[in-house]
Structures are given as C-alpha cells and as structure tokens.
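Take a look at the structure below.
The values are calculated or read from the model by the stated rules, or taken from the named source; none is laboratory data. All values reported here derive from a predicted model rather than from experimental measurement. Here the Cβ positions follow ideal geometry from the backbone for every residue, glycine too, while neighbour counts run over all protein chains shown. Accessible surface areas use protein heavy atoms only, side chains included; no ligands, DNA or RNA. Shrake-Rupley method; radii C 1.70, N 1.55, O 1.52, S 1.80 Å.
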Amino acid sequence: MELTIRPRRLRQSPVLRQMVRETRISEKSLVYPLFVKEGVNIKEEIPSMAGQYRYSVDRLPEELERIQASGVNAVLLFGIPDHKDECGSGAWQEDGIVQKALRTAKKEFPDLYYITDVCMCEYTSHGHCGILNGQDVDNDRTLEVLSKTALSHVQAGADMVAPSDMMDGRISAIRKTLDQKGYSSVPILSYAVKYSSAFYGPFREAAGSAPSFGDRKSYQMDYHNKKEAVKEALLDVEQGADILMVKPALSYLDVLQTVSDRVTVPVAAYSVSGEYSMIKAAAKAGFIEEAAIVCETAAGIFRAGADILITYYAKELAGFIKEGRIG
Ligand code: PBG
C-alpha cells in the first residue's frame, strides 16, 4: 500500500521510541509526602495506605535515608500532634511536631529539601482548616494563624512552605510575614487549585484530620469548575506564589493542562492518598500490575503539564526511572 506517512516508523525500537519521547520524567521532579507524629520509637503502617507509615521524630532519619538513597530529593512534611484545640495552636509551637521533625531532619540529612504543609486541620479539635466562627471557618482570622505557622516552620528550617487551607488571601499574608522577618528568599508553594475531594479520605485517616462536622466545601473548590481554577491560580500568582499546585491529580488532568498553559510559574500536581490507595488495593487483589500502572499514571500527570509530582510512589518511581521502565 502507498502510504507516505507511517507513524509506526518511529515506534520500531526502544532506542527510537526513547529518542522521540515527548515527556521526560526525572526523579528530581518528585516530592515524597511524609507523616511525622509525636511519640518515641514509632513506625506504624497507615491502615488506609498500605506501605506508608507514620514516624516519630527519632525514627524519621531511617526513612530519610531510604528517600535519599532512592534518588528523591524533596519531602513534604505533615505533622500529627498529640493535642488539639479550638484554634490549632499546636501548629505554630516552637516545639511542635513539624518544627521538631525539621530540626532533626535538617541536621541528619541536610541535603534533602524540606517542604512543609501549612494547614490547621491536623491541629484543630474540630478538624477544620482554620478558626471557626460558629459553624463557618473565619477567613481573615485564619490568615493570622496560618502566617504564624508558616513562619515557625521556616524558623525551624523549612526550605519551602505549602499552604493547603484554601483561605482567600493567604499567599499575601504569608509572604508579608516571611518578608518582614527576613525570609524573603523562602519560596511558597501554593495549593492554589485544591478541590473538595473524596480522594483525600485515606489521608484524613492517616493524619486524623477529618472534620468533626460538615465538610470542606465552603473553602475547597467544587469539582465541576475549571475557569475557577484559573481564577485561583492567577490570584495566587499575583499574591506572590512561586509554585502552584493542582490537587488531586488523576481526575483533574484537564485542569492541570489548563492551569499550566495559563501561568508562567512551575506547576505541581499532587497525586493524593485516594489515588495511591486505589492502585495499591487493585494491585494487591491482582487486578492490575502495580509498577506499570504507577509509571503510566505518572507519565499522564507530567504529560498534562505538571513540572513537579508529589506522590506516595516517589521512591518506587525513582527506581523505575533508574531501571529505564519510565523516563
Ligand atoms: C490538609 C491537607 C489534606 C491533604 C493535603 N493537605 C487533606 C484535606 O484537605 O482534607 C490531602 C492529601 C492526600 O489526600 O494525600 N488540608
């Protein structure tokens, strides 16, 4: 048959396929989320997230060593405190769980890059992401505690802060606070486009951060909306966000593509707990091949425009890249 253009020509061999690849994946673009909890000698598996653990500060270095050995350079720290109160005051204590973890981690593994999740939900008795006024989260009062929390993380050694609360104006508020205290070079990764999602279910079990009443729909985004994602993204860029995040990842690849087309800052995607747990469970049941699915989903997220991928599979992915399965 006379065919001038035969797309199969470029698919003839692994060398050729790798040569013409449109999406390159590197372990240097991966971030690993990590849960740190109060207590001593704790390494406990998270029931809803097989293969993921909560560590006490003294056991944290053993995990940091594995992360570094895998080739992953960056972690995103979440704290699980012992005590909670109405306003989440544990979030900004000098000897808070994230602050203690940072001091130990920076000392033991100074070459890793430490990003901290800045939010109130793990620290408030009601589990909402801010200060309550009746049944509602008070936006402007919450900005003060978020700024204090971000500052205390940076003072304890955080390299970058990542506010995930979805209050309006928090990037400005945090930027101003950090600048006033002499931390103008610490970047902010904004969870700018964060949808109200059932995919966070396993995380809330992991971090004990489920709201005790209601839901997060008055501050996290409605998943029917995409233009609103651009609105949130542009607002946060205006306020000084250095990197934007879209979250979750897999059900929001169109949003990721649109946001990355519209902004000039790097865009991170967070493949969240529910995405991880679904793959894990299906693989355990023998329905899918875990490594192949992890590679394919990661490539999909980068292809949609992500510059950075935050994933519980970061260490495994770094291994797959080394093995040449993906990249
Ligand atoms: C805190 C926060 C959440 C996640 C990251 N930061 C939970 C939530 O908003 O309820 C979810 C991460 C995941 O599911 O892996 N606000």
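Just the residues that are more than 16 Å from the ligand (Cβ to nearest atom) and either more than 24 Å from ILE174 (Cα to Cα) or among the basic types (Lys, Arg) (or both), please, taken from the stretch 231-254. Within the stretch 231-254, LYS231, LEU253, ASP254 meet the criteria. When VAL154, VAL186, VAL161 are screened for being in a loop (DSSP other than H, G, I, E, B) and free of Cβ contacts under 8 Å to residues at least 60 places away in the same chain, only VAL186 passes. Taking first residues from the stretch 59-85 that are more than 19 Å from PHE320 (Cα to Cα) and partners that are at pLDDT below 95 and open to solvent by less than 50 Å² (accessible area, probe 1.4 Å), the Cβ contacts under 7 Å between residues at least 6 apart in sequence or on separate chains come to PHE78/ALA207; ILE80/ALA207; ILE80/GLY208.
If we keep just the residues of the stretch 54-93 that are more than 19 Å from MET120 (Cβ to Cβ) and among the aliphatic types (A, V, I, L, M), which is nearest to the chain's Cα centre (by Cα)? Residue satisfying both the conditions and the ranking: VAL75.
Take GLY79 and tell me if it is part of a strand (DSSP E or B) and modelled with pLDDT of 95 or more. For GLY79, the condition - part of a strand (DSSP E or B) and modelled with pLDDT of 95 or more - is met. Among the residues that make up the stretch 237-252, is at least one of them within 20 Å of the chain's Cα centre (by Cα), of a type in the set (D, E, K, R) and under 26 Å from SER277 (Cα atoms)? Yes, there is a match, as at least one residue in the stretch 237-252 is within 20 Å of the chain's Cα centre (by Cα), of a type in the set (D, E, K, R) and under 26 Å from SER277 (Cα atoms). Give the residue that is nearest to VAL75 (Cα to Cα), with candidates limited to residues of the stretch 289-314 that are open to solvent by 50 Å² or more (accessible area, probe 1.4 Å) and in contact (Cβ under 8 Å) with a residue 40 or more places away in the chain. Restricting to residues being open to solvent by 50 Å² or more (accessible area, probe 1.4 Å) and in contact (Cβ under 8 Å) with a residue 40 or more places away in the chain, the top hit is ASP307. Residues in the stretch 303-327 that are in a loop (DSSP other than H, G, I, E, B) and more than 24 Å from ALA162 (Cα to Cα): GLY324, ARG325, ILE326, GLY327. As a summary of the residue check, SER184 satisfies the conditions (1) in contact with a Leu (Cβ under 8 Å, 6 or more places away or on another chain); (2) under 19 Å from ASP236 (Cα atoms); (3) within 16 Å of the ligand (Cβ to nearest atom) except for the one numbered (3).
Reported count of residues in the stretch 25-65, each being touching a strand residue (DSSP E or B) at 6+ places or on another chain (Cβ under 6 Å), of a type in the set (A, V, I, L, M) and farther than 17 Å from ALA206 by Cα, is 3.
For the stretch 201-227, which positions are polar (S, T, N, Q), more than 8 Å from the ligand (Cβ to nearest atom) and closer than 16 Å to ASP165 by Cα?
The one that is polar (S, T, N, Q), more than 8 Å from the ligand (Cβ to nearest atom) and closer than 16 Å to ASP165 by Cα: SER218.
Against the test of being in a strand (DSSP E or B), of a type in the set (A, V, I, L, M) and closer than 19 Å to ALA192 by Cβ, the options ILE115, ILE174 yield a single qualifying residue, ILE115.
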